[in-house]
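Asks: Pasting a structure below so you can have a look.
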Amino acid sequence: MIKENNILEELTRLIVDGDDEKIKEITKKALNTGIDPYIIIDALNKGMKIVSKRYEDRDIALPELILAGDAFQASMDIIKPKIKRKSEKKVGRLVIGTVQYDIHTLGHELVKTMMEVEGFECWDMGGDVPDEKFIEKVKEVNADILGLSALMTTSMPKQKDVIDALKKEGIRDRVKVIVGGAPVSQEWADKIGADGYGKDAIEATIVAKKLLKIE
């Protein structure tokens, strides 16, 4: 147990340090030791929460946040093939991206990774996505969930614009909308009529499963 805890603590530290090379080695070590992949993911997410909080408090700059995200992704690339799902059947369809006028993609990319782990089929729209592109993709793939990320206060209103566009197209009741991003809050989600709010990748995944009534 002590050895397992040491490995998990090191994984958390490597996320904070943004070491995307060393974390590959330790992730493989964790799996070879027999640590459950989901416990490893919890350790990674703990590191991301630390980094996100430091970024919100302006203790670190965006490049350091990006390095942490790269380390998270490097570890997840190794973990994902090792996760055994109850069924290979896809549990839902997710369209996700960062709203227009915002080029930051790290947050929603982490959510996409976690959703894929949980069995969602995902379409990543990237950053600076115009409202109409979200609408087109939701209709094209018949999405169950639409994830809208905003990493700047100036881009947050675009989340509401997309929701309004869904209403205008007459498809708002066909898709659940989850919003997230550093400046976003539950209060904001409620104000703009979103179905859910995810503070981080783990929480967003939990919210998505609850909205679709997935056990």
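Asks: Students often get this wrong, so try it: which of [x] -0.21; [y] -0.33; [z] -0.29 is log10 I(q)/I(0) by the Debye sum over Cα atoms at q = 0.07 Å⁻¹ as calculated from the structure shown?
Replies: Comparing each candidate, only [x] matches the computed number.
Asks: Let me ask something else. Towards the positive end of the charge dipole of the chain, with charges on Cβ (+1 Lys, Arg; -1 Asp, Glu), say which of Ala68, Tyr38, Leu151 has the farthest Cα.
Replies: Tyr38
Asks: Follow-up question, since we're still on this one. What's the magnitude of the charge dipole for the chain around its Cα centre, counting Lys and Arg as +1 and Asp and Glu as -1 at the beta-carbon? Answer in Debye, nearest 20.
Replies: For the chain, the charge dipole is close to 740 debye.
Asks: Based on the mean of other Cβ atoms within 10 Å per residue, sort peptides 104-110, 203-209 so the most packed one is first. Don't jump to the answer; show the numbers that get you there.
Replies: On the way: 104-110: 23.7, 203-209: 21.1.
Final packing ranking: 104-110, 203-209.
Asks: Still on this structure, please answer the following. Taking the dipole about the Cα centre of the range 3-133, with the C-beta of Lys and Arg at +1 and of Asp and Glu at -1, give me whichever of Ile26, Pro130, Gly119 is farthest to the positive side.
Replies: My answer, from the dipole projection, is Gly119.
Asks: If r is the Cβ-Cβ distance from Glu118 to Thr154 and R0 is 35 Å, what FRET efficiency results, to the nearest 0.05? List each step's numbers first, then the result.
Replies: On the way: r = 32 Å, r/R0 = 0.90.
Calculated transfer efficiency: 0.65.
Asks: May I ask you to derive the FRET efficiency for Ala61 and Asp200 from their Cβ-Cβ distance with R0 = 22 Å, giving the value to the nearest 0.05? Could the numbers behind the result be given before it?
Replies: Values: r = 19 Å, r/R0 = 0.89.
So the FRET efficiency works out to roughly 0.65.
Asks: Given contacts defined as C-alpha pairs under 8 Å and at least six residues apart, what's the relative contact order of the chain, whole-number percent?
Replies: The value is 17 percent.
Asks: Still on this structure, I have one more. Pick from Leu44, Leu14, Leu146 the residue whose mean-square fluctuation is largest in a GNM of the chain, springs joining Cα atoms under 10 Å.
Replies: Evaluated over the chain, the most mobile residue of the options is Leu14.
Asks: Sticking with the crude label model, points 7 Å out along Cα→Cβ, report the distance from Lys213 to Asn6 in nm, one decimal please.
Replies: 4.9 nm
Asks: Classify the range 2-82 as rounded, prolate or oblate from the Cα gyration tensor: take a ≥ b ≥ c as the square roots of its eigenvalues, call it rounded if a/c is under 1.5, otherwise prolate when a/b beats b/c and oblate if not.
Replies: Because a/c hits 1.5 or more and a/b exceeds b/c, the range 2-82 counts as prolate.
We did not get these values from a lab; they are worked out from the coordinates using the rules stated. Since the structure is predicted, the reported quantities are computational estimates derived from the model, not experimental observations. For neighbour counting, all protein chains shown are included, and Cβ atoms are generated from backbone atoms with ideal geometry for every residue, glycine included.
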